[in-house]
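Written out below as structure tokens is the structure these notes cover.
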Ligand code: IMP
């Protein structure tokens, strides 16, 4: 397969936390759980660009329920590795949320500031239900409590890349998820 795995950029990476196989296996489990929880209901998956592109695409294909999808883009991080807490909506939803069963699909929850803002914003649009699925979460970094129904993996409080997660817009296409060597970002 002609895609990037951790061996190709080993000099930039510290530790591989999850391989693409482990990620796929966990996605399948979460998808099955969502199918069970939402049996008989249609779901609107709202992805947060750009990081959630990979998880959105894999999660959706692992689900049996009828799903629609929509996207939002918000600014949280620039080229650095710290959340600013300032959230700006760069792209809004195209669909009406009224009466819909919405699951927000996130790549990672770090401080929780971005998602907390987003959840208030989405809740004000009258969905029938509103939940969160995130592929990764850093419990030690939480600065605000966000109720997350579906979590792929809890991870330590270090900066990770791959599977949609970037550093300065690079490494999103890495199939595995790994910590970056501090020398890359310091
Ligand atoms: P929060 O507001 O601190 O929870 O940050 C959420 C956003 O920051 C995520 O959607 C990511 O885009 C980005 N982010 C947080 N931690 C990481 C990381 O370890 N690697 C890459 N991006 C991250």
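Look at (1) farther than 23 Å from residue 34 by Cα; (2) near the ligand (Cβ under 9 Å from one of its atoms) and you find that residue 140 fails only one, number (2).
Of the residues making up the range 43-51, one or more are surrounded by 15 or more Cβ atoms within 10 Å (Cβ to Cβ), in contact (Cβ under 8 Å) with a residue 24 or more places away in the chain, touching a strand residue (DSSP E or B) at 6+ places or on another chain (Cβ under 6 Å) and closer than 18 Å to residue 176 by Cβ. Every condition in (1) closer than 20 Å to residue 136 by Cβ; (2) modelled with pLDDT of 95 or more holds for residue 85 except the one numbered (2).
When we screen 48, 55, 74 for residues that are touching a helix residue (DSSP H, G or I) at 6+ places or on another chain (Cβ under 8 Å), modelled with pLDDT under 95 and under 12 Å from residue 135 (Cβ atoms), the only hit is 48. All of 41, 61 fail the test of being modelled with pLDDT of 95 or more and assigned to a loop (DSSP other than H, G, I, E, B), apart from 41.
Is one or more of the residues making up the range 120-129 free of Cβ contacts under 8 Å to residues at least 12 places away in the same chain and either within 12 Å of the ligand (Cβ to nearest atom) or not in a loop (DSSP other than H, G, I, E, B) (or both)? Yes, the range 120-129 has at least one match. With 22, 36 as the choices, which residue is surrounded by fewer than 16 Cβ atoms within 10 Å (Cβ to Cβ), out of contact with any strand residue (DSSP E or B) (no Cβ under 8 Å at 6 or more places or on another chain) and farther than 22 Å from residue 129 by Cα? Unique residue meeting the criteria: 22. Applying the set (1) at pLDDT 95 or above; (2) surrounded by fewer than 18 Cβ atoms within 10 Å (Cβ to Cβ); (3) over 14 Å from the mean Cα position of the chain (by Cα); (4) more than 17 Å from residue 132 (Cβ to Cβ) to residue 7 leaves exactly one unmet item: (1). Out of all the residues in the range 152-174, which are touching a residue at least 24 places away in the same chain (Cβ under 8 Å), more than 16 Å from residue 14 (Cβ to Cβ) and more than 11 Å from the ligand (Cβ to nearest atom)? Within the range 152-174, 152, 153, 173 qualify.
The values are calculated or read from the model by the stated rules, or taken from the named source; none is laboratory data. In this text, all values refer to a predicted model and were calculated from it rather than measured experimentally. All Cβ positions, even for glycine, are placed from backbone atoms using ideal geometry, and neighbour counts span all protein chains on display.
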